[in-house]
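Below you'll find the structure, written out as structure tokens, and then a few comments.
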Amino acid sequence: MGERNVGVAMDFSTCSKAALRWASTNMVRGGDRLVLLHVNSSYQVESGIVHLWEQDGSPLIPLNEFSDPLIAKRYGVSPDKETLNILAQVANQRQVEVVAKVYWGDPMKKICEGIEKIPFHCLIVGSRGLSKVKRALLGSVSSYVVHHATCPVTVVKDSAF
């Protein structure tokens, strides 16, 4: 079977943490690589380093670097304690390699790009549970990804916890 890349789309919202919890409980197994996929849609390029990776996203960032506020800030992310705790737990208890990948731009397109380039065995996304009307107006990232992804996508509703 070999190493599987299990992706979780993460924006540090409650629903993306629910997706991360679900993935770590139900999806990842020893030997897998859990890839946290974060898309920074509102960024300023003045942080110099960003434009190096603007096209293809950051390199894969190991968990110990991602957990370091100074290094994370360089990539324009500030993961919260709860997310980092979940990741540390998965890494330790399940013998899973945890890495993060940061993209800049449109979340819908960049998530689909990441799925192909990394490539993912599967992707787990959180659902904000928007009403049908709001979804029609806003265009939901999770429903876009479900329809355009080249791997199986699991949508986790926040109420699953």
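A protection proxy built from the mean count of other Cβ atoms within 10 Å ranks the segments 56-63, 108-115, most packed first, as 108-115, 56-63. Applying the Karplus relation 6.51 cos²θ - 1.76 cosθ + 1.60 with θ = phi - 60° to the range 82-87 yields 3J(HN,Hα) values of 4, 4, 5, 5, 4, 5 Hz, where x marks Gly and Pro.
Rounded to the nearest whole Hz, the Karplus-based 3J(HN,Hα) values (6.51 cos²θ - 1.76 cosθ + 1.60, θ = phi - 60°) of the range 33-40 follow the sequence 10, 8, 10, 7, 9, 10, 10, 8, with x at glycine and proline.
In straight-distance terms, cross-link reach from K73 covers every one of the aspartates and glutamates whose alpha-carbon lies under 12 Å from its own, apart from those fewer than eight places away in the same chain; here that gives E65.
No value in this document is a laboratory result; all are computed from the given coordinates. None of the values given here were measured: they were computed from a predicted structure. Ideal geometry is used to build each Cβ from the backbone, glycine not excepted, and the neighbour counts take in all protein chains shown.
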